[in-house]
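Colleague: Questions regarding the structure given below will be posed in turn.
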Amino acid sequence: MVVAAADVPLQSSSGGTAVSSSGSSMVRPAFPIAPHEFFRRVPAPPRETTTKKAPPAPALAEEGGDELRLSDLEHVCDLGEGACGVVTKVRHRRTGAVFALKMAHYGGPDDEEAEALRLCAGSPHVVRCHAVLSGTCADGGGEAPAYVLELMDAGTLAGVLGRRGGRGFPEHALAEVAARCLQGLEHAHSRGVAHLDMRPDNLLANSGGDVKIGDFSVSRILYDGERRRRRVSVAAGSPMYLSPERFEPDARAGPRGAAAADVWGLGVTVLELFLGRCPFLGPGGVKLPFEKLRQAICDAEPPSAPESAAASPELRGFLAACLQKDPRRRATVTQLLAHPFVARRSVDESRRALRELIVETL
């Protein structure tokens with residue numbers, strides 16, 4: 001499944017109308033937003049009333065060669081709803097192929113998510129987008145994009161973690177998750193895309209043991225058409241996974257800073273998967289008020305594995321490299337791929353451990 005993230009400006013007031021990076025007005029939820037608030041059961045499939053010609057859809061085109069329409073997709077079941085859209089499992093009526101269909105809650109003239117998915121195509125560590133169609137907003141409003149996505153049958157790593165009853169991932173499996181995520185980020189960054197919402201809810205798994213980066217709802221394109229660097233807004237995302245610099249008013253960054261923000265989010269994610277809970281939740285797993293969360297991320301020491309935890313020096317070093325509060329001192333994706341926690345893992349053993357961990361939760 002693919003679960004969307006909140007594309008909202010940093011604020012602690014009640015919900016209202018916000019302005020996106022493209023300048024359009026959109027209704028957004030208010031902070032703080034905990035991971036469980038981004039995923040709930042959907043009572044009914046999303047409405048669809050209009051379709052238009054889709055961009056090229058390689059897998060579907062090969063199967064039939066005809067233009068894909070929303071009416072070609074049969075609803076199978078509801079997968080979930082996020083702040084940016086509704087996700088359902090669908091089946092192609094003629095071929096029987098199954099996909100995840102994400103119907104956005106809102107649309108706009110500049111669909112940065114679709115462009116990010118197009119740029120990131122071709123990586124085995126990024127969820128594949130087969131087509132972008134035109135449909136009705138999931139909430140019944142105006143026109144909005146509908147994404148026909150690769151279906152990952154084991155759901156999100158947040159779901160896998162939850163089904164383990166709060167038991168964290170063993171290090172062998174965790175090293176493989178880190179490696180897959182880093183390879184996916186390396187590909188995205190090389191294509192000029194920053195994800196900006198790295199968290200367990202946006203890492204998707206399948207029963208074959210694959211883990212892929214999904215949900216590019218708040219991603220940003222880092223270069224313009226002339227390959228000139230852009231300074232993009234990095235204020236949107238899930239608060240518990242934001243790096244300290246993203247809490248600044250109207251936080252913006254160039255390609256290097258945006259990539260560093262992804263590294264911080266990965267670090268928090270790896271620590272959460274190890275501990276079994278997000279390090280920025282309060283006692284009893286209660287979400288912190290927005291201001292206390294900001295203080296915990298910006299003013300306190302970076303999170304780390306407790307001294308009592310059975311964490312290897314390699315894992316502790318990897319987390320410390322990711323979770324430097326100063327983005328200029330934070331390790332790069334290239335450096336992390338060479339870190340002993342990833343580079344010196346037993347690849348076969350790590351892959352087997354991750355696959356077995358995923359399968360046992362199904």
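The values are calculated or read from the model by the stated rules, or taken from the named source; none is laboratory data. In this text the structure is predicted, and so the values were computed from the model without any measurement. Here the Cβ is made from the backbone with ideal geometry for all residues, glycine too, and neighbour counts use every protein chain on show. Accessible surface is based on the protein model in full, side chains and every heavy atom, while ligands, DNA and RNA are left aside. Shrake-Rupley method; radii C 1.70, N 1.55, O 1.52, S 1.80 Å.
Each row is one residue, and each column tells you yes or no for (1) part of a helix (DSSP H, G or I); (2) within 25 Å of Glu360 (Cβ to Cβ); (3) open to solvent by 20 Å² or more (accessible area, probe 1.4 Å).
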| position | (1), (2), (3) |
| --- | --- |
| Val160 | yes, yes, no |
| Phe169 | no, yes, no |
| Leu174 | yes, yes, no |
| Leu185 | yes, no, no |
| Asp197 | no, no, no |
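Colleague: Moving on to the next point. Hey, can you tell me all the residues within region 163-179 that are over 18 Å from the mean Cα position of the chain (by Cα), of a type in the set (Gly, Ala, Ser) and modelled with pLDDT of 95 or more?
Modeller: Residues satisfying the conditions are Gly168, Ala173, Ala175.
Colleague: Something else: Of all residues in region 199-225 being without any contact (Cβ under 8 Å) to a residue 40 or more places away in the chain and not hydroxyl-bearing (Ser, Thr, Tyr), which is most open to solvent (accessible area, probe 1.4 Å)? Before you say what the answer is, go through the steps one by one.
Modeller: Initially, region 199-225 is screened for residues without any contact (Cβ under 8 Å) to a residue 40 or more places away in the chain, giving 222-225.
Subset that is not hydroxyl-bearing (Ser, Thr, Tyr): 222, 224-225.
Values: Leu222: 4, Asp224: 48, Gly225: 82 Å².
The residue in question is Gly225.
Colleague: Now for a separate question. Would you check which residues across region 265-295 are more than 15 Å from Arg246 (Cβ to Cβ), without any contact (Cβ under 8 Å) to a residue 60 or more places away in the chain and not hydrophobic (A, V, I, L, M, F, W, C) and list them?
Modeller: Once the filter is applied, which keeps residues that are more than 15 Å from Arg246 (Cβ to Cβ), without any contact (Cβ under 8 Å) to a residue 60 or more places away in the chain and not hydrophobic (A, V, I, L, M, F, W, C), region 265-295 yields Pro279, Gly282, Pro283, Gly284, Gly285, Lys292.
Colleague: Please go through region 282-295 and pick out each residue that is in a loop (DSSP other than H, G, I, E, B) and surrounded by fewer than 18 Cβ atoms within 10 Å (Cβ to Cβ).
Modeller: Taking region 282-295 as the starting set, the residues that turn out to be in a loop (DSSP other than H, G, I, E, B) are 282, 286-289.
Matches in region 282-295: Gly282, Val286, Pro289.
Colleague: Testing Glu307 on (1) open to solvent by 40 Å² or more (accessible area, probe 1.4 Å); (2) in contact (Cβ under 8 Å) with a residue 40 or more places away in the chain; (3) not in a helix (DSSP H, G or I), one condition comes back false. Which one is that?
Modeller: If we test Glu307 against (1) open to solvent by 40 Å² or more (accessible area, probe 1.4 Å); (2) in contact (Cβ under 8 Å) with a residue 40 or more places away in the chain; (3) not in a helix (DSSP H, G or I), just (2) comes out false.
Colleague: Got at least one residue in region 296-303 being surrounded by 19 or more Cβ atoms within 10 Å (Cβ to Cβ) and touching a residue at least 40 places away in the same chain (Cβ under 8 Å)?
Modeller: Yes, some residue in region 296-303 is surrounded by 19 or more Cβ atoms within 10 Å (Cβ to Cβ) and touching a residue at least 40 places away in the same chain (Cβ under 8 Å).
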